[in-house]
Amino acid sequence: MTDTTDSQASLFPLGSGLSLPAPLPQSISPLAALLAELGLDMRAAANGGAAEIAAPPDAAPRGAVSSLYVALRCKSGRTASHGLRVALIVSGWAGELDLPDHEREPIEIAALLHDVGILGVPDEILGKPGNLDPEETRRMDQARRMSAAILRSASADSRVEEIVEHVPAWYDGSRPGYPLRGEAIPLGSRLIAIVEAFDAMITEQVYRPAMSLERAGIELFRSAGTQFDPALVRLFARFPASTLGCFRENVSRRGIPPLAPEIPNSYWALTDCSSCSGDRPEMRFFKDRLLDNMHDAVVFIDASLRILRWNHGAERLTGIAGASICDRLWAPGLLSMRSEKGDAIGADECPVNNAIVSGAHSLRRLSIAARNRDRVSVDSHTIPVADSAGTILGAVLVLHDASPEISLQERCQRLHAKATRDPLTQVANRAEFDRVFEQFVRTHRQQQVACSLIICDLDYFKSINDTFGHQAGDEVIKSLATLLASSCRPGDLVARYGGEEFVLLCADCGNGASARRADQIRGRLAQTPQPSLGGRSVTASFGVTEIQPGDTAETMLRRADRGLLIAKEKGRNTVVQLGAGARTAQSDQEPAAGRLVDGGTAVCLSTSFATPMPPAVVREKLAGFIADHQAQVVDRGEAHLTLVVANSSLPLRRRGDRCIPLVVALRMGADAEPRQRGGESRPAAETRIEVTVRPRSNRDRRRSVVEDAARQLAASLQSYLGAREIPCLRRAPIPWAE
């Protein structure tokens, strides 16, 4: 099958690289001029001081924009970071669309301040970790209109206010209160609507982990034609992913972390260590390392019930990422706390609230909702924190897993402790990785918990050996192994896969979080001088993927390796994230059950899929499916494709058994009739694919095993296509090649 598109340059079809070039792109020079004025002294803010801005004396409108952004940053660093990321991406995208500067500048300012209306939202609503009630939802919707009202008074350019006012409007005009529809909605509003939704999806949230780039792209296609401009969604799908990575990096460089904004009152100020040797500055790193590697959950909460610290143990126990929960308000309902008798614990009985009010320690047995929402018994120890004058500053909550079952992480830790070590690097070797990987994938699939695989390879390693010698090369390999091992969390496994190639298994970690971890490792390696190379540094390329329905250990490894190859082709020193990942939204469909058709002694599974992605992107997804399953194309027609997959998931009962190849036949089409929405006919926005899976030989008698393998292969295909199962209907054919 021939790939007719430039998949490596696109945002989410085949390869989604998060390469982070150093300079801010010249294509966003109008926004860069404004951001240069936002010279926030974040170090002062981190020490409790006020963030300052040196606004130029010559431009009142720019000064107003700068002042509003500083006010937004002081109100909510999380929202300000979101606005800056959206502004940078929209600005770069506008450059790709060749919009002139006089059109781009109001769009950039609107993107930067489209959420400024939250200045009027109470902190208890803005920091609420759970779902909003109807009245709180109404207040948040009202903040959207407040953004336009604030900008109407602050900006001399009415276009900025007009763009922000119509960002919430839906493309088909179905959202109440927003009468404009289609291209009557300002172009800037349609651009910002797509980018802000995309950024929200790939950012950690309390109620869900960050989506993968591909999953977020599927969701955009799913809402194309209703919420979003379908033509712009298709253009955004071709937006260079390396540029996106550059924008996110520059958010961090400007002192506004994209996922975990700094808390002005450092959490270590909660304890009085004036009389001990812990005043030394480096002691903070020891404390941070201790907290992040504790198996128990540790939470720091200040006197106003704002969460200041959520360690990795808390992430592992609850499934809530620290980046999404820090700076939000604590409530016992966040973890569905229950007493020993099973009664729900309210604010009056909450051990944290009582410790802050009374200053008394608390130790009791409770139960909470864990990451898979099952009940887990925990020993809760709540410790009030007071200063030297006796004023309560907050509380420390420690949760110890008291359940009788051995957790997945503990099993993985035991495997990690018993691993056979590589003699050079002292990490697990290839044989141990192969043994653990199968169990790792099987266990995560059974428990329906996300896990990820990172594979990395040193760049230009042969030239290092040729120039500096093999001993110097060994030192570089050990340096990378040490860096990977230091990035491991409990339950993870790092192994030397071969030569200068390493793999990192990330337990309970999705695509977005693992890609960020890989990029942190990439950046640290590039900045680490290598003594054996005379102080020079080296770089590495990374491929990242997450387990998804229908995966086997082999397909997951091949997908990560394919990401690594794309990273090498992109110029190295890059992270490429592949795969849509596990289902993370309630709207996601269950894996296809299909319809079993008896063909004599053979079984044939038949089903139909519908995907919101256009045919060109579907072909790219199929190219990835073929590569990862090592499928062979045996027939290709105008609108059909036939593959043979040597399925390795079938168990072999006898030594003489052979692997049973499965034949996958696909036919792609579109709706013959237009669909109706709101009284208006519009073309179908979905691509339909009819699928049949059968064994190549009809003499096989292992019927139940073949059925399971066919369903697993269909589920894997559904994952690659981001599709849902539909009734089998005849569609108008769409050619495979355009």
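Each value in this text was obtained by applying a stated rule to the coordinates, not by laboratory testing. Keep in mind that what you see is a predicted model, and the values were worked out from it rather than measured. Glycine gets a Cβ as well: all are built from the backbone with ideal geometry, and neighbour counts include every protein chain shown.
Only Lys, Arg, Asp and Glu count, each charged at its Cβ (+1, +1, -1, -1), so figure out the dipole size of the stretch 170-213 about its Cα centre, rounded to 20 debye. Numbers along the way, then the final one.
Values: 4 positive and 5 negative charges, 27 e Å.
For the stretch 170-213, the charge dipole is close to 120 debye.
As a proxy for reagent exposure, ranking Thr137, Thr555, Thr203, Thr443 by other Cβ atoms within 10 Å from fewest up yields Thr137, Thr443, Thr203, Thr555. Computed over the stretch 177-229, the P(r) tail beyond 18 angstrom holds 37 percent of alpha carbon pairs. For Arg309, the residues 5 or more places off, or on other chains, whose built amide H falls under 5 Å of its own are Phe300. For a footprinting-style exposure proxy, rank Lys341, Lys462 by other Cβ within 10 Å, fewest first. In increasing order of surrounding Cβ atoms, one gets Lys341, Lys462. Please work out the C-alpha center-to-center distance from the stretch 176-238 to the stretch 313-339 and express it in whole Å. The stretch 176-238 and the stretch 313-339 have Cα centres separated by 28 Å. A DSSP coil position with no more than 15 other Cβ atoms inside 10 Å describes the following GluC sites (Glu not before Pro) in the stretch 286-349: Glu340, Glu349. A simple spin-label model places the labels of Ser339 and Glu707 5.0 nm from each other, with each point 7 Å out along Cα-to-Cβ. Just going by the charge dipole of the stretch 267-401, with Lys and Arg at +1 and Asp and Glu at -1 on Cβ, which of Leu393, Leu317, Ser339 is farthest out on the positive end? The Cα lying farthest towards the positive end belongs to Leu317. For Val378, the amide hydrogen comes within under 5 Å of the amide hydrogens of Leu366, Ser367, Ile368, Ala402, counting only partners 5 or more places away or on other chains and with H modelled in the peptide plane. Label positions at Arg572 and His102, each projected 7 Å from the Cα along the C-beta direction, are separated by 4.7 nm. Put a plus charge on the Cβ of each Lys and Arg, a minus charge on the Cβ of each Asp and Glu, and nothing anywhere else: the dipole of the stretch 289-393 about its Cα centre is then about 280 debye. Please tell me which of these pairs span more than 24 angstrom C-alpha to C-alpha: Lys287/Lys341; Lys128/Lys341; Lys462/Lys570? Cα-Cα > 24 Å for Lys287/Lys341; Lys128/Lys341; rest within.
Counting every other Cβ atom within 10 Å of each residue's Cβ, Thr607, Thr528 order from fewest to most as Thr528, Thr607.
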